[in-house]
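Engineer: Pasting a structure below so you can have a look.
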Amino acid sequence: MVQYVKAELIFCISVAVAVFMLHKTNLTHIALPFSVAAILGSALAIFIAFRNNTSYSRWWEARTLWGGIVNSSRVLARLIITFADSHALQQNYDKARSEAFKTAMVYKVIAWAHAMRLQLRRQHDWHELKPFLSEEEFGMLEKSQNKANYLHMLSGKKIYEAMANGTLGGFDSFQMEGQLLALANYQGGCDRIKNTPLLRQYGYFTRVFMYTFMLLLPLSLIGDFAKMNMDYLMIPISIVISFVFAIIGKVGEVNEDPFENRITDVPLNAICNTIERDLREMLGEKDLPEKCEAENGFLY
């Protein structure tokens, strides 16, 4: 927690010590009525609470979108497998071709989820997608700007190739396209959260009011503590109060960006791991990746 608010702590400690030393030199006129800090603190608390509520709404929307991605990925994989298997009695059915189609399509769904995770976190470990794509597809993927969108285009092409060669029926694509559309909508929602920050006014004025409060708090406390002949207690008390306000304010600041790969963010690694395990199991695979477990109490 100290790492999150070290700048605020340095500021409030410096101010508290400075006010204490000035008061010790008999500059008693620097003391302010406690009502000054009380009124400002009340206004600051309301402002922080509003910002934190807004930030949590962004975090929860991000988690809801990824919950939808998990569900639509499972549905799309089920449609791919069941539709391909449903044509086993057709004259032009080719088992090897059907199995290759199912594997390639389900792997593209897995690759899309991982690509979304990497894009949102602005990471570039694209080699993680290599096991799910052919050499040619991976080469084209590396050249594309929006890699998740490119994977959707590959999936669409694969569906219509399967319809042309008889792996899928004439109406199978409708339901698959519906799930691809759902995933595209989820991608758009995540991109909106990633690329549209909370209004800068909230961040700017929260910092201004926070530092103003930490500046005036020791001045408002020193008079009352001096009357009790315990003026030295003003320093730890003002630090504790400032620390509480700083931490509460930092909670909102951190939550407004849920895709930054921090311990407080939406656990995209764990979610993508769930998608990969579930979809590969649907293909009948047994050699699944290890399930992501919490590290030090956190999922990443």
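Values quoted throughout were computed directly from the atomic coordinates according to the rules given, and no laboratory measurement underlies them. The structure displayed is predicted, hence computed values, not measured ones. No Cβ is skipped: glycine too gets one built from the backbone with ideal geometry, and neighbour counts run over all protein chains shown.
Engineer: Where Rh denotes the Kirkwood radius from the mean inverse Cα pair distance, what is Rg over Rh for the chain? Could you put the intermediate results ahead of the total?
Structural biologist: Working: Rg = 28.0 Å, Rh = 23.0 Å.
With Rg and the Kirkwood Rh in hand, the quotient comes to 1.22.
Engineer: With 10 angstrom as the radius, rank 9, 181, 89 by how many other C-beta atoms surround their C-beta, starting from the fewest. Can you show the working numbers first?
Structural biologist: Details: 9 17, 181 12, 89 6.
Ranking 9, 181, 89 by Cβ neighbours within 10 Å, fewest first, gives 89, 181, 9.
Engineer: So how long is each side of the range 166-300 along the principal axes, counting just the alpha-carbon atoms, biggest first, in Å?
Structural biologist: Taking the Cα atoms of the range 166-300, the three principal extents are 90, 34, 15 Å.
Engineer: Straight-line reach from residue 227: which lysines fall under 30 Å, measuring Cα to Cα and dropping same-chain residues less than 8 apart?
Structural biologist: Those lysines meeting the cut-off are 24.
Engineer: Using only DSSP helix segments of four residues or longer, with each worth -39500 (n - 2.57), what per-residue ellipticity at 222 nm results for the chain after dividing by its residue count and rounding to 500?
Structural biologist: Values: 9 runs with 214 residues, N = 300.
My calculation for the chain gives -25000 deg cm²/dmol from helical runs alone.
Engineer: Could you put 122, 192 in order, starting from the residue whose Cβ has the fewest other Cβ atoms within 10 Å?
Structural biologist: Values: 122 10, 192 13.
Placing the least packed residue first, the sequence is 122, 192.
Engineer: Computed over the Cα atoms, what is the radius of gyration of the range 245-290 divided by 2.2 N^0.38 Å, N being its residue count? Can you show the working numbers first?
Structural biologist: Values: Rg = 16.3 Å, N = 46, 2.2 N^0.38 = 9.4 Å.
Here the Cα radius of gyration is 1.73 times the empirical estimate.
Engineer: Checking understanding here: applying a Kyte-Doolittle mean of at least 0.5 and a length along the axis of at least 20 Å (C-alpha), which whole DSSP H helices in the chain pass?
Structural biologist: Details: long enough: 6-24 (27 Å, 1.54); 34-85 (76 Å, 0.62); 95-120 (38 Å, 0.13); 147-165 (27 Å, -0.42); 172-195 (35 Å, -0.54); 200-227 (42 Å, 0.58); 234-255 (32 Å, 1.74); 268-282 (21 Å, -0.29).
Going by DSSP H runs, the hits are 6-24, 34-85, 200-227, 234-255.
Engineer: Cα-Cα pairs above 22 Å in the range 4-113: how many percent?
Structural biologist: Details: 3974 of 5995 pairs.
Tail of P(r) above 22 Å: 66 percent of Cα pairs.
Engineer: In addition: Expressed as a rounded percentage, what relative contact order does the chain have, with Cα pairs under 8 Å and six or more residues apart? Intermediate results must be reported in sequence, preceding the final value.
Structural biologist: On the way: 315 pairs, mean separation 109.0, N = 300.
Computed over the chain, the figure is 36 percent.
Engineer: Got a sec? How would 55, 35 order by Cβ neighbour count within 10 Å, fewest to most? Please list the in-between numbers first.
Structural biologist: Numbers: 55 20, 35 9.
By the 10 Å Cβ count, ascending: 35, 55.
Engineer: Among 260-271, 279-290, what's the highest-first ranking by average C-beta atoms within 10 angstrom per residue?
Structural biologist: On the way: 260-271: 17.3, 279-290: 12.5.
The packing order, highest mean first, is 260-271, 279-290.
Engineer: Name the lysines eligible as straight-distance cross-link partners of residue 6: C-alpha to C-alpha under 24 Å, and not fewer than 8 places from it in the same chain.
Structural biologist: Residue 6 reaches 250.
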